[in-house]
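Everything on this sheet refers to the single structure shown next.
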Amino acid sequence: MSRLQDLHREQGQSPWLDNLRRDWINDGRLARFVADGVRGITSNPTILAKAIASEDDYDEQFASLAGRGSVEDAYWALVVDDIVHALGLLKGVYEESGGTDGFVSLEVAPSLARDTEGTVEFARSLHERIAAPNLLVKVPGTAEGVPAVRRLIGEGRSINVTLIFGLPRYDDVIEAYLSGLEAYAAAGHDDLSSVSSVASFFVSRVDTEIDRRLEALAGGPEGDPEILALRGKAAVAQAQVAYQHFMRAFSGERWEALRAKGAQVQRPLWASTSTKNPAYPDLLYVDSLIGPSTVNTMPEGTLDAFDDHGTLARTLDAAPEAAQAVLARLGEVGIDIEDVTATLEIEGVDAFAKSFDELLQTLSDKAAALGASK
C-alpha cells in the first residue's frame, strides 16, 4: 500500500492530483496515479493552457475543430474531452467512496471572476454539457463569485470554490454553501447527499507575499531577526486556523439539521501546496496540514515526494493556539493580512485570465499555421 493510500486510510485526508494532461490519459500514467492512491484531480486555466500549448496529442483534434468553429469553442471541446476521460478513470473512486471522492474539477472561464450572472450561467452549462455526478465546477471565491456559489448549490450543483486566500472570505464561502443547501432543501429536496463542495484555500502564495513584506519591514533579508523569524510561518498558521473555522461551522444545530438530510461537509482543500522557496522543506505545505475531512491537491512532484517521505500524522490541529499566535504576531510587526489576501486574489484572478488569453492566442497562431499548410 502506498503512503498516499495510507494518508487517506489512516488520517482521513484525500490526496488529489493538481494537473491534467492528455498524454497522461493516453499513456496510462493518470490511471497509475489513481491506482497509487490519488482520489481526485484539479485543473485550472494555467494548467490546461500549458498542456494544450506544449503537447502534440491535441493537434489532430484541434485541426479538425478549428476548421469548424472558433478557436475558443475548440479549446472548450479539447478540455471537455480530457475532463470526461478523467471522470471515467475516477468513477470507481467516486462510487467506492459513496460520492465523497473521485472528483475532477473544471473552472469556468476566467473572464467571469467578477461576473455573478455570467458565472452562474457558465457553471450551469458545464454541468449540463458534461452531466457527470463526479464533476466539480470551479467558481472563484471572489466577492462576485460567492453569491454565484450560493445559487448553484441551491440548485443542487456540485462546486469547487477556488482562489480563497483569507479567513473572512473563507467564512463567506462556508455560509454560501450552508445557505445554498438550505435553499435546496426548502425547494423540496429531502436528500442532499448528491451535492458536493470543496473550498480551495491557497497556501504557499501567502508565504511568498508575506515573506516579501516581512523582509521589507525588517530592513532586508539580513535585517531584524525577530521579524525575519516569522518567514515561512504565515501560510500554515492561517490554514490551521481556517480548519478551526471549518470545525465550528460544520457542527451544532444548524449543521445537524442539514446532515440529517444527507448533507456532506464542504471539505477544506489545500491548494498551491508545492514549496516555492527552496529554503523551506519540500513538504512544508503537506506535512503541516494533515487532518480528517480535508483534501490536499498536489502537483506530481509533490505527490511523488510525499509518497517517498511524507508524514503520516495528524498535524493540522495539533497546536491551534500557536497558529493563532503567529497571525497575531504578524499583525504586531505590521503585516496587514487583509491587504495581503486582497492582493493575492487580484493577482490570482489576473494570472488565470492572462494564461487563458495567451492560450487562445497560441491556438489562433496554430490554427493559422494549420490553415496555411493545407
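Numbers at a glance
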| quantity | calculated |
| --- | --- |
| Helix-derived mean residue ellipticity, 222 nm - over the chain, DSSP H n ≥ 4, -39500 (n - 2.57), to 500 | -18000 deg cm²/dmol |
| Calculated from backbone phi, Karplus (6.51, -1.76, 1.60) coupling profile of the range 235-245 in Hz, x at Gly/Pro | 5, 5, 4, 5, 5, 5, 5, 4, 5, 5, 4 |
| Among [x] 32, 61, 7, 0; [y] 25, 47, 22, 5, 1; [z] 28, 58, 13, 0, the entry that matches P(r) over Cα pairs in 20 Å bins from 0, in percent as calculated here | [z] |
| Signed unit charges on C-beta, dipole axis of the chain, positive-most listed residue T362, I153, F202 | I153 |
| Karplus-derived 3J(HN,Hα), 6.51/-1.76/1.60, for each residue of the range 312-321, Hz, glycine and proline x | 10, 7, 6, 10, 5, 10, 5, 9, x, 5 |
| Table column - 3J(HN,Hα) (Hz), the range 350-365, Karplus curve with 6.51, -1.76, 1.60, x for Gly and Pro | 5, 5, 5, 5, 5, 4, 5, 5, 5, 5, 4, 5, 4, 5, 4, 5 |
| Cα gyration tensor, the range 290-374 - rounded (a/c under 1.5), prolate or oblate | oblate |
| Distance in nm between pseudo-label sites at H245 and E358 (7 Å out along the Cβ direction from Cα) | 3.0 nm |
| Neighbour-limited loop hits for GluC sites (Glu not before Pro), the range 215-287 (at most 13 other Cβ within 10 Å; DSSP other than H, G, I, E, B) | E222 |
| Across K50/K233; K50/K138; K276/K366; K50/K276; K138/K261, pairs whose alpha-carbon gap is larger than 27 Å | K50/K233; K276/K366 |
| Residues with amide H under 5 Å from that of K138, placed H, sequence gap 5 or more | L106, E107, V108, N160 |
| Cβ-based charge dipole, the chain, positive-most Cα from G141, S97, L30 | S97 |
| Amide H contacts of W16 (H built 1.01 Å from N, under 5 Å, at least 5 apart or other chain) | R39, N296, T297, M298 |
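Any read-out appearing in this document is the output of simple, stated calculations on the displayed coordinates, not a laboratory observation. None of the values given here were measured: they were computed from a predicted structure. Neighbour counts are summed over all protein chains in view; Cβ atoms, including those assigned to glycine, are modelled from backbone coordinates with ideal geometry.
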